[in-house]
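Single-structure report; data block below.
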Amino acid sequence: MSTDPNGQAGQTPLCELQGVTKNYPMGDLVVQALRGVSVKVYAGEFTAFAGPSGSGKSTVLNCIGCLDRPTAGKVYVEGQDVATLSDGALGVVRAKRIGFIFQSFNLIPVLTAFENVELALRLSGAPTAGQKERVEEALRSVGLADYMKRRPAQLSGGQQQRVAIARALVKTPALIIADEPTANLDSKNGAAILDLMRSMNADNGTTFLFSTHDPMVMERARRIVRLSDGSVVGDERHDGAVQAASPSHVGA
Ligand SMILES: Nc1ncnc2c1ncn2[C@@H]1O[C@H](COP(=O)(O)OP(=O)(O)OP(=O)(O)O)[C@@H](O)[C@H]1O
Ligand SMILES: [Mg+2]
């Protein structure tokens, strides 16, 4: 068993990596992106994966978000071993249960803010009735009530990232994954986006997992899991408790 400094008695983790390794073949070589990562995330967390460039942050998020499959080890989402799911079933988990926010916003340029958010809701298979109201509410909640008809090119970077947050939120997913959500924003807009995510977490209990190497972003996290060279090397709570990864933490 791995140590579980963040465990909550009797609760099933929202997602869990158990001894996850990920290798990428590169010609004759193999890049070991993850070397036995074990981590449990519980509902309601606001957790950052931190570490230098190349340490494996995006790979961890991609495995948790079912965008990528590990080379070895297990990934559980809501208690389900995702290795047992077909690609089609994984697509359904992604569409319904997980919201994604990317550093480059990834909005569809020809669609308005409203249409970008509406498309995500439609793809999640949500009932048609009430969709318009849900889209409007999501955009209102990120402060974009007056910008719904604009296309991404007519919005600032910070506003585009707000659309991306609304698009992730509108499905009311179990989990929102954000890979370097502030990397393309100046520090003022970056702080505002983090504060917005934090208030969604506090007010609605939405679970956020994000990656960063920005200290300003890290300081707003309630838990920081530190990665180095594909391994977990630290796991800290906002209350200051530090749990260095022990060998039993790795590989479990
Ligand atoms: N598709 C791929 N093919 C080959 N190697 C890859 C691939 N994706 C990632 N890697 C390698 O895996 C390692 C971890 O990459 P990852 O993108 O997870 O790091 P990161 O911590 O997100 O870095 P950054 O802060 O630069 O975004 C790196 O050495 C990277 O070069
Ligand atoms: Mg990355």
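The values are calculated or read from the model by the stated rules, or taken from the named source; none is laboratory data. Keep in mind that this is a model prediction, so the values were computed, not measured. Ideal geometry is used to build each Cβ from the backbone, glycine not excepted, and the neighbour counts take in all protein chains shown. Heads up: the accessible areas ignore ligands, DNA and RNA and are worked out on the full protein's heavy atoms, side chains in. Shrake-Rupley method; radii C 1.70, N 1.55, O 1.52, S 1.80 Å.
Observations on the structure shown:
- Filter pass, PHE49 being modelled with pLDDT under 95 and assigned to a strand (DSSP E or B): no
- In this entry, GLY19 passes the filter for residues that are more than 16 Å from ligand 1 (Cβ to nearest atom), surrounded by fewer than 19 Cβ atoms within 10 Å (Cβ to Cβ) and either modelled with pLDDT of 95 or more or part of a strand (DSSP E or B) (or both).
- Count - residues of region 220-235 that are open to solvent by 30 Å² or more (accessible area, probe 1.4 Å) and under 17 Å from the mean Cα position of the chain (by Cα): 3
- The residues of region 146-162 that are of a type in the set (A, V, I, L, M, F, W, C) and free of Cβ contacts under 8 Å to residues at least 40 places away in the same chain amount to a single one, MET148.
- Once region 22-41 is narrowed to residues that are within 16 Å of ligand 1 (Cβ to nearest atom) and in contact with a Leu (Cβ under 9 Å, 6 or more places away or on another chain), the residue that is most open to solvent (accessible area, probe 1.4 Å) is ASN23.
- Some residue of region 161-180 being touching a Phe, Trp or Tyr at 6+ places or on another chain (Cβ under 9 Å), within 16 Å of ligand 2 (Cβ to nearest atom) and open to solvent by 20 Å² or more (accessible area, probe 1.4 Å): yes
- Hey, GLY79 more than 13 Å from the chain's Cα centre (by Cα), within 13 Å of ligand 2 (Cβ to nearest atom) and on the phi > 0 side of the Ramachandran plot or not: no
- Scanning region 68-80 for residues that are among the hydroxyl-bearing types (Ser, Thr, Tyr) and assigned to a loop (DSSP other than H, G, I, E, B) gives a single hit, THR71.
- Near pairs, Cβ below 9 angstrom, 6+ apart or cross-chain, from region 50-62 (in contact (Cβ under 8 Å) with a residue 12 or more places away in the chain) to any residue that is within 6 Å of ligand 1 (Cβ to nearest atom) and among the aromatic types (Phe, Trp, Tyr): THR59/TYR24
- Filter result (assigned to a loop (DSSP other than H, G, I, E, B), open to solvent by less than 10 Å² (accessible area, probe 1.4 Å) and within 16 Å of ligand 2 (Cβ to nearest atom)) within region 57-67: GLY65
- Residue within region 197-209 that is within 15 Å of ligand 2 (Cβ to nearest atom) and under 20 Å from VAL39 (Cα atoms) present: yes
- In the set (1) surrounded by fewer than 14 Cβ atoms within 10 Å (Cβ to Cβ); (2) among the charged types (D, E, K, R); (3) within 30 Å of ARG151 (Cα to Cα), ARG94 fails one condition alone, (1).
- For region 185-219, the tally of residues that are open to solvent by 10 Å² or more (accessible area, probe 1.4 Å) and among the hydroxyl-bearing types (Ser, Thr, Tyr) stands at 3.
- Selection count where residues are under 20 Å from ASN201 (Cα atoms) and open to solvent by 30 Å² or more (accessible area, probe 1.4 Å), scope region 135-159: 6
One line per residue, one yes/no per condition, for (1) open to solvent by less than 10 Å² (accessible area, probe 1.4 Å); (2) more than 16 Å from ligand 2 (Cβ to nearest atom); (3) not acidic (Asp, Glu):
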{"site": "ALA43", "(1), (2), (3)": "no, yes, yes"}
{"site": "LYS74", "(1), (2), (3)": "no, yes, yes"}
{"site": "GLY88", "(1), (2), (3)": "no, yes, yes"}
{"site": "PHE100", "(1), (2), (3)": "no, no, yes"}
{"site": "LEU107", "(1), (2), (3)": "no, yes, yes"}
{"site": "VAL117", "(1), (2), (3)": "yes, yes, yes"}
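- Residue satisfying condition, being of a type outside the set (Gly, Ala, Ser) and within 16 Å of ligand 2 (Cβ to nearest atom), within set PRO13, PRO52, PRO70: PRO52
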